[in-house]
Amino acid sequence: MADSKPQAYISWFCPFAQRAWLALLEKGIDFEYKEVNPYDESERVKYLKINPLGLVPAIVHQGHVVYESAICIEYIDEQWPETPVLPNDPYRRAYERIWSDHISKKIVPQYYAMLLKQSHEDRDNARKALLEQLVVLTDAMDKEGPYFRGSAFGMVDMMLAPFVARFPVLKHYRGFQVPTEDRYARFNRWWAAVKERKSMEKSTPEDERLVDVYKGYAAGNPTMS
């Protein structure tokens, strides 16, 4: 059922696309990488035929299209069950989905608010909220780690890691960084392990490229240069 080669439509700069990319790499799946820039009008017109939302990622497999990053991760996990991204136990699976949702609703919006907002007050509010929600998330992590649910790198890690990999963008434009104090020790230990994974090294662009491509966002104009 999972024997045909999937195509992954990805933008190198996009953290949402990197989520699906990580899942494919962690599974060791032979896939075709298809670079697409949804901000380029000529590319977007063609890409809308694949994903009507015009967003990345999208997975084309066996004549079907799957999109939305979390859904792509779960599809990949179900089609290629070796090295599972989600645990088998129904409650533990639900727990990972709960905290994946937390990332999407409580952390990601603050990342973009800090980057896009032009007033110092709005940025500071976003900074405080982002740090607080990181602590809320890490309080839910396995105490031993190093990953969210322990020794296994899974869905919650894949949902969060691409945005943390783009914290250097916030540092460059907004002076943001996660403190080293004890309150953030679990987060920092998590990130120290995550960033060393081969899948992260392969799918994460250099900081300089990210800083350059996000300069429009930092100026309050959500386009890619």
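The modelled label-to-label distance between Lys49 and Ala219, using points 7 Å beyond Cα along the C-beta direction, is 3.3 nm.
Can you give the % of DSSP beta bridges in segment 1-134 that are antiparallel, to the nearest 5? Don't jump to the answer; show the numbers that get you there.
Working: 7 of 11 bridges.
Looking only at bridges with both residues in segment 1-134, the antiparallel portion is about 65 percent.
Entry note, segment 82-225: relative contact order of 25 percent, from Cα contacts under 8 Å with a spacing of 6+ residues. Shape summary of the chain, radius of gyration then Dmax from alpha carbon positions: 17.4, 53 Å.
The residue among Pro109, Pro57, Ser199 whose Cα reaches farthest toward the positive pole of the charge dipole of the chain, with charges on the beta-carbon of Lys, Arg, Asp and Glu, is Pro109. Across the accessible surface of the chain, with the other protein chains kept in place and a 1.4 Å probe, carbon and sulfur atoms take up 51 percent.
Placing dummy labels 7 Å off each Cα toward the beta-carbon, the span from Asp212 to Glu196 is 3.0 nm. Contact order for segment 1-145, expressed relative to its length and based on alpha carbon pairs under 8 Å spaced 6+ residues apart, stands at 19 percent.
Which of the trypsin sites (Lys or Arg not before Pro) found in segment 145-225 are in a DSSP loop and have at most 15 neighbouring Cβ atoms, other than their own, within 10 Å? Each step should come with its number before you reach the end.
Values: sites: Arg149, Arg166, Lys171, Arg174, Arg183, Arg186, Arg189, Lys195, Arg197, Lys198, Lys202, Arg209, Lys215; in loops: Arg149, Arg166, Lys195, Arg197.
Taking segment 145-225 and a limit of 15 other Cβ atoms within 10 Å, the loop trypsin sites (Lys or Arg not before Pro) found are Lys195.
State whether segment 155-202 is rounded, prolate or oblate according to the following rule on the C-alpha gyration tensor (a ≥ b ≥ c being the square roots of its eigenvalues): a/c under 1.5 gives rounded; otherwise a/b larger than b/c gives prolate, and the remaining case gives oblate. Intermediate results must be reported in sequence, preceding the final value.
Working: a/c = 2.03, a/b = 1.20, b/c = 1.69.
It is oblate, given that a/c is not under 1.5 and a/b is not larger than b/c.
From the Cα gyration tensor of segment 1-112, with a ≥ b ≥ c the square roots of its eigenvalues, which class applies: rounded if a/c is under 1.5, or else prolate if a/b is larger than b/c, or else oblate? Oblate, because a/c is 1.5 or more while a/b does not exceed b/c. Taking square-rooted eigenvalues a ≥ b ≥ c of the alpha carbon gyration tensor, is segment 125-225 rounded, prolate or oblate, where a/c under 1.5 means rounded and, failing that, a/b exceeding b/c means prolate? Judged from the Cα gyration tensor, segment 125-225 comes out oblate (a/c at least 1.5, b/c at or above a/b). If a spin label sat at a point 7 angstrom from the Cα of Glu82 along the line to its beta carbon, the backbone N atoms of segment 130-154 nearer than 20 Å would be those of 152-154.
On alpha carbon coordinates alone, what is the Rg over Rh value for segment 35-166, Rh being the Kirkwood radius?
Checking Rg against Rh, the ratio lands at 1.02.
Among the GluC sites (Glu not before Pro) in segment 1-91, those placed in a DSSP loop whose Cβ has at most 12 other Cβ atoms within 10 Å are Glu82.
Rolling a 1.4 Å probe across the protein heavy atoms gives the chain an accessible surface of 49 Å² per residue.
The values are calculated or read from the model by the stated rules, or taken from the named source; none is laboratory data. This structure is a prediction, so every number in the text was calculated from the model and none was measured. Backbone-built Cβ (ideal geometry, glycine too); neighbour counts: all protein chains shown. Accessible surface areas use protein heavy atoms only, side chains included; no ligands, DNA or RNA. Shrake-Rupley method; radii C 1.70, N 1.55, O 1.52, S 1.80 Å.
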